[in-house]
Amino acid sequence: MTHPSDIGPAPGEVQAHRGASAIAPENTLAAFRLAAEQGAKWVELDVALSADGTLVVIHDDSVDRTSSGKGPLGNLSLAQIAALDAGSWFDQRFAGERIPTLAEVISALGELGLSANVEIKQHKHHKHHKHHKHHKSLDQLVHAVQADISQRSAQTEIMISSFDPEALRAMHGLEPDLEMAMLWGRPPEDWAGQLAAIPATTIHMHYKALSIGMLEETTRRGIKVRAWTCNDPVQLISFWGAGLTGVITDNPALFLE
């Protein structure tokens, strides 16, 4: 057991979901900075490609929800994305926060002493793109991730997560030493076989799908399990002793007190 007690995660097993997204605009440098201030060692973030092939840190396949702009990422150049305000929607105090590139975030993580769980999103791209330059193949995506994370500082660790087993398989092929985490809401019956096929050693699952029985089985097999996205420590109390590894939360302070 890595955690000091049966009632909470080890400090290094608290991941800030899209940064400290309860108190700052998600997936921005402000959210990552505040996660570090709260004492988190890890942030979780999402990456996707701009129209011109740069990885930006954003959850959705469009900029509508979390910025002043509109439109699918696949239609927007990095210059257009960089000009948007990604803070005001959350709170006026964050006006002028931008949608960062993965390269900018990797650089900031080094300064903040943070590690990152990079979630690879395979967005379905819009049918009306006839031009091949808009074809965001998985190959392009994983090579872009590899290039950006290769610039990390020595103390920044990276793990990769995805709902797409093909993305994890491709990433594992390029970076066999990195931890690969399969994202599931509720893990399928054959979760062990699906992990072995990637191969991955970690499951990130919705906290409401946790069960003592499954945690005993994952622990027996040496598989790590982290729960997402839990903002109430009480919900997890009964699972730490059974082998839950960590938590992904919008508010890391709740689990770090």
- Message: Through the Karplus equation 6.51 cos²θ - 1.76 cosθ + 1.60, θ set to phi - 60°, convert the phi angles of segment 141-146 into ³J(HN,Hα) values in whole Hz; use x for Gly and Pro.
- Response: 4, 5, 5, 5, 4, 4
- Query: Listed highest first by mean packing, meaning other Cβ atoms within 10 Å per residue, what order do 184-196, 34-46, 59-71 come in?
  - Reply: 34-46, 59-71, 184-196
- Item | Helix-derived mean residue ellipticity, 222 nm - over the chain, DSSP H n ≥ 4, -39500 (n - 2.57), to 500 | -7500 deg cm²/dmol
- Karplus-derived 3J(HN,Hα) from phi for segment 72-83 (6.51 cos²θ - 1.76 cosθ + 1.60, θ = phi - 60°), whole Hz, x at Gly and Pro, runs x, 3, x, 9, 10, 6, 4, 4, 5, 5, 5, 7
- Query: In terms of modelled amide H atoms, which long-range or inter-chain residues lie less than 5 Å from the amide H of Asn117?
  - Reply: Val43, Glu44, Leu45, Met159
- Task: Just add up the charged neighbours of Ala22: K/R +1, D/E -1, any other residue whose Cβ is under 12 Å from the Cβ of Ala22.
- Result: -3
- What's the lysine pair count for the chain at a Cα cut-off below 25 Å, pairs eight or more apart or interchain? 18
- Message: Please rank Arg169, Arg221, Arg18, fewest neighbouring Cβ atoms within 10 Å first, as an exposure proxy.
- Response: Arg221, Arg169, Arg18
- Item | Full-stretch length increase - Ala95, Ala79 - with 0.36 nm per residue and alpha-carbon distance subtracted | 3.9 nm
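Rule-based calculations on the coordinates, nothing more; no lab input. Please read all numbers here as calculations on a predicted model, not as lab measurements. Cβ atoms come from the backbone with ideal geometry, glycine included; neighbour counts cover every protein chain shown.
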